[in-house]
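The values are calculated or read from the model by the stated rules, or taken from the named source; none is laboratory data. Remember, predicted model here, so these are calculated numbers, not experimental data. For neighbour counting, all protein chains shown are included, and Cβ atoms are generated from backbone atoms with ideal geometry for every residue, glycine included.
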Amino acid sequence: MTTATATTRAVRTGTRRDISIGVGWGLLVVLIWATWVVSSRAGVKSSLRPLDIAFIRYACASILLLPVALRKSLPLVIRSVPTTLAIVAGAGAPFLLVSVTGMKFAPASHIASVMIGSMPFFVALLAVVILGERLRPIQWAGFAVVVVGLSIINASGLSDGNSDSWRGQVLFLLAAAMWAVYTIAIRAAKVTALHSAFAVNAWSLILVTIAYGALGRPDFASMRWSDVCIQAAAQTVSAVVGLYAFGESVRRLGAARAAVISALTPGIATLLAIPMLGEHPSGMSLAGIAVITVGVAWASVWPKKP
């Protein structure tokens, strides 16, 4: 066996190993996101406000990440102030408050399908505008399919008598666009998953604490501590493990493959919502979720380089 052949095989083995590990991280992201969707939907229907949920999330996550960040000397600013702002706004407190507020108006099946289902569209759009990449024909077809699926979801909400569901869907689309900003920013900055998770949670805790001072402190008298404990567990796993797993999935698979795996989230979240929330999706909602899943798979082919 020549040295060149041995080197080629080693590279292929390393690539296959990276793909396998990346798929594992991606599947973990799907499970965490689906659980987060259901638990957050339960949280906004409980004794907690969206601001309370945000404070619980970022306080617990920051406490866990701070010792690691200090040991590794991770700075709060990633590359530059604009990059840090994009990363924190896209995956931090602003993103959470927008998405959790939307959860007050729409069921868990809509949250996962509309918000997570439309993320690849916004990621590809920003890649075209910011990175100068070109969309492939299959992507345009995929985006058209996603729009059809979103229309079906919206129609199902109206047919179910939920006239406010469109409010939640608008907020979910905004949240998806914000997450796309985060995805492009960490891809461009080549930041580690741990560093981005630390910066997002630390800055978000600062922002939420300021918001508490301006908009009203927590009303401990009205809180049920069982609600607090459930959100502490679910939000911390999402904020720490979820962000880290997503970063590793993107790093090992690329944004396109990672997005394809994320298309599994709506179905898992819908199934979890049945026993946990008692939310039974209509046939039209299920059809919309299926259509969006297909569209996401088509749309997640990464754009061509210019």
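General remarks:
- Qualifying residue in the stretch 206-227 (condition: surrounded by 15 or more Cβ atoms within 10 Å (Cβ to Cβ), small (Gly, Ala, Ser), modelled with pLDDT of 85 or more and out of contact with any Phe, Trp or Tyr (no Cβ under 6 Å at 6 or more places or on another chain)): yes
- Residue list for the stretch 180-196, restricted to those being among the hydrophobic types (A, V, I, L, M, F, W, C) and either modelled with pLDDT of 90 or more or surrounded by fewer than 24 Cβ atoms within 10 Å (Cβ to Cβ) (or both): 180, 181, 184, 188, 189, 191, 193, 194
- Scanning the stretch 78-114 for residues that are aromatic (Phe, Trp, Tyr) and more than 22 Å from residue 263 (Cβ to Cβ) gives a single hit, 105.
- Subset of the stretch 277-296 (residues that are under 20 Å from residue 40 (Cβ atoms) and touching a Ser or Thr at 6+ places or on another chain (Cβ under 8 Å)): 279, 281, 285, 289, 292
- Flag for residue 64 being at pLDDT 90 or above, in a loop (DSSP other than H, G, I, E, B) and either surrounded by 24 or more Cβ atoms within 10 Å (Cβ to Cβ) or in contact with a helix residue (DSSP H, G or I) (Cβ under 9 Å, 6 or more places away or on another chain) (or both): no
- Search result, residues across the stretch 103-135 that are in a helix (DSSP H, G or I) and closer than 20 Å to residue 276 by Cβ: 108, 109, 110, 111, 112, 113, 114, 115, 116
- Residue pairs meeting the criteria (Cβ under 8 Å; at least 6 apart or on separate chains; first assigned to a helix (DSSP H, G or I), in the stretch 265-283; second crowded, with 22+ Cβ neighbours inside 10 Å and among the basic types (Lys, Arg)): 273/41; 277/41
- Selection count where residues are hydrophobic (A, V, I, L, M, F, W, C) and either part of a loop (DSSP other than H, G, I, E, B) or in contact with a strand residue (DSSP E or B) (Cβ under 9 Å, 6 or more places away or on another chain) (or both), scope the stretch 77-102: 2
- Some residue of the stretch 36-46 being out of contact with any Asp or Glu (no Cβ under 9 Å at 6 or more places or on another chain) and either of a type in the set (Phe, Trp, Tyr) or outside any helix (DSSP H, G or I) (or both): yes
- Filter result for residue 70 (surrounded by fewer than 15 Cβ atoms within 10 Å (Cβ to Cβ), at pLDDT 85 or above, at negative phi and in a helix (DSSP H, G or I)): yes
- Qualifying residue in the stretch 90-101 (condition: over 23 Å from residue 35 (Cβ atoms), buried (at least 24 other Cβ atoms within 10 Å of the Cβ) and of a type in the set (A, V, I, L, M)): no
- Hits in the stretch 85-111 - residues which are β-branched (Val, Ile, Thr), out of contact with any Pro (no Cβ under 8 Å at 6 or more places or on another chain) and under 20 Å from residue 241 (Cα atoms): 87
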